[in-house]
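J.: The following block contains the structure, expressed as structure tokens.
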Amino acid sequence: MTSSMPAPAARSAAIELVGVTRRFSARAVLDDVNVAIAAGRTTVLLGPSGTGKSTLLRLATGLLSPDAGVVRTLGVDVFAAKKPSLLQLRRRMGMLFQDNALFGSLSVFDNIAFPLRRVARTPEADVRRRVDELLALVGLSGFGERLPDRLSGGQRKRVALARAIALEPELVLFDEPTSGLDPQTSASIDQLIRATQRRLGITFVVITHDIESAALIADDAGLLLDGKVHVFGDRATVWASTDPRVRAFLDRAPPAGAPR
């Protein structure tokens, strides 16, 4: 299967790419991509390194521009939007980075409070109430005064998630949320992502190489290959695919000719 397919039509799209191409030098990392990522669900984007997963997210946030096509995020035509509209759009999104991007000199509390204070200019009493609420949500009540280097990898990931949802976004983007974590910690982060999405009902879009993680958290999934969205649909449909390239990726089959 080589054609790009939209998410279920009954649901509105949180992110929509229409005829999008993005090149780096002569190489098309994304090549005439058409895909709609449904709102209110967790969508996982899979694929080998260099297949355009991160590029797709950077297009959705306006950090990259396409060479051709249209990108709509939360109903906004990203590259037709003026700067104030784009800044407003980004306030409607949260981001959890692969390395967490926590401020090492700030406490857990102050890391989570940062967007509330610096972006939303939230009154301090409301900041404290909101941060305490978020710490409880991610299972870190009582950790507010610790510095990030006093936390485990899984705890730092929880702080990053709390900060990503601090401004009550409509859309949260995750870049390899379980990268570098041991299997048990990865499983706990998967459970947290799943539970948080269910509780908040917002759109999560997750880039991952972790097949087990994807199977646990995804409502919908897409596999990017050769600059295309090779397959896209609900998790059960994608995992049941008999397409040889889909099966090879999901079953972690080594490429042809790889040493045994």
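The values are calculated or read from the model by the stated rules, or taken from the named source; none is laboratory data. These numbers were taken from a predicted model, which means no experiment stands behind them. Here Cβ is always computed from backbone atoms with ideal geometry, including for glycine, and neighbour counts include all displayed protein chains. Side chains are part of the model used for accessible areas, which takes the heavy atoms of the whole protein and leaves out ligands, DNA and RNA. Shrake-Rupley method; radii C 1.70, N 1.55, O 1.52, S 1.80 Å.
J.: Check the range 128-144 and report whether any residue there is under 18 Å from the mean Cα position of the chain (by Cα), within 18 Å of Asp190 (Cβ to Cβ) and in contact (Cβ under 8 Å) with a residue 40 or more places away in the chain.
T.: Looking for residues that are under 18 Å from the mean Cα position of the chain (by Cα), within 18 Å of Asp190 (Cβ to Cβ) and in contact (Cβ under 8 Å) with a residue 40 or more places away in the chain, one finds at least one in the range 128-144, hence yes.
J.: OK, next. Identify, please: which residue in the range 148-158 is part of a helix (DSSP H, G or I) and touching a Phe, Trp or Tyr at 6+ places or on another chain (Cβ under 8 Å) and is, among those, nearest to Leu135 (Cα to Cα)? Before the answer, list the steps.
T.: Step one: list which residues in the range 148-158 are part of a helix (DSSP H, G or I), which gives 148-150, 153-158.
Now drop any that are not touching a Phe, Trp or Tyr at 6+ places or on another chain (Cβ under 8 Å), which leaves 148, 155.
Numbers: Pro148: 14, Gln155: 11 Å.
Once the filter is applied, the top-ranked residue is Gln155.
J.: Scan (1) part of a loop (DSSP other than H, G, I, E, B); (2) open to solvent by less than 60 Å² (accessible area, probe 1.4 Å); (3) among the polar types (S, T, N, Q) for the single condition Asn111 breaks and write down its number.
T.: (1)
J.: Continuing with this model, one more query. Show me the strands (runs of 3 or more DSSP E) entirely contained within the range 6-98 in which 2 or more residues are open to solvent by 60 Å² or more (accessible area, probe 1.4 Å) and either touching a strand residue (DSSP E or B) at 6+ places or on another chain (Cβ under 8 Å) or under 28 Å from Ser179 (Cα atoms) (or both).
T.: Because the criterion is at least 2 residues that are open to solvent by 60 Å² or more (accessible area, probe 1.4 Å) and either touching a strand residue (DSSP E or B) at 6+ places or on another chain (Cβ under 8 Å) or under 28 Å from Ser179 (Cα atoms) (or both), the strands (runs of 3 or more DSSP E) in the range 6-98 that meet it are 13-24, 27-38.
J.: Every residue in the range 124-153 that is over 24 Å from Ile193 (Cβ atoms) and surrounded by 15 or more Cβ atoms within 10 Å (Cβ to Cβ), please.
T.: The answer is Val127, Arg128, Leu147.
J.: Being open to solvent by 40 Å² or more (accessible area, probe 1.4 Å) and either assigned to a helix (DSSP H, G or I) or β-branched (Val, Ile, Thr) (or both) narrows it down to one residue among Arg117, Arg121; which is it?
T.: Arg117
J.: Here's another thing I want to ask about it. Regarding Ile211, is this residue at pLDDT below 95, of a type in the set (A, V, I, L, M, F, W, C) and within 27 Å of Arg58 (Cβ to Cβ)? Step through it out loud before you land on a result.
T.: Values: at pLDDT below 95: yes; of a type in the set (A, V, I, L, M, F, W, C): yes; within 27 Å of Arg58 (Cβ to Cβ): yes.
Taking the combined requirement at face value, the residue satisfies it.
J.: Look at Leu106 and say whether it is open to solvent by less than 40 Å² (accessible area, probe 1.4 Å) and either among the aliphatic types (A, V, I, L, M) or in contact with a helix residue (DSSP H, G or I) (Cβ under 7 Å, 6 or more places away or on another chain) (or both).
T.: Spelling it out, it is not the case that Leu106 is open to solvent by less than 40 Å² (accessible area, probe 1.4 Å) and either among the aliphatic types (A, V, I, L, M) or in contact with a helix residue (DSSP H, G or I) (Cβ under 7 Å, 6 or more places away or on another chain) (or both).
J.: Still on this structure, I have one more. Inspect all residues belonging to the range 213-230 and state whether any of them is of a type in the set (A, V, I, L, M), touching a residue at least 60 places away in the same chain (Cβ under 8 Å), part of a helix (DSSP H, G or I) and open to solvent by less than 10 Å² (accessible area, probe 1.4 Å).
T.: Yes, because at least one residue in the range 213-230 is of a type in the set (A, V, I, L, M), touching a residue at least 60 places away in the same chain (Cβ under 8 Å), part of a helix (DSSP H, G or I) and open to solvent by less than 10 Å² (accessible area, probe 1.4 Å).
J.: Determine the pairs where a residue that is at pLDDT 95 or above and among the basic types (Lys, Arg), located within the range 88-115, has a partner that is open to solvent by 40 Å² or more (accessible area, probe 1.4 Å) and part of a loop (DSSP other than H, G, I, E, B) with Cβ atoms under 8 Å apart, the partner being 6 or more residues away or on another chain.
T.: Cβ pairs passing all conditions: Arg92/Glu170.
J.: Taking into account only those residues within the range 170-179 that are in a loop (DSSP other than H, G, I, E, B) and touching a residue at least 40 places away in the same chain (Cβ under 8 Å), which is least open to solvent (accessible area, probe 1.4 Å)?
T.: Top of the filtered list is Pro177.
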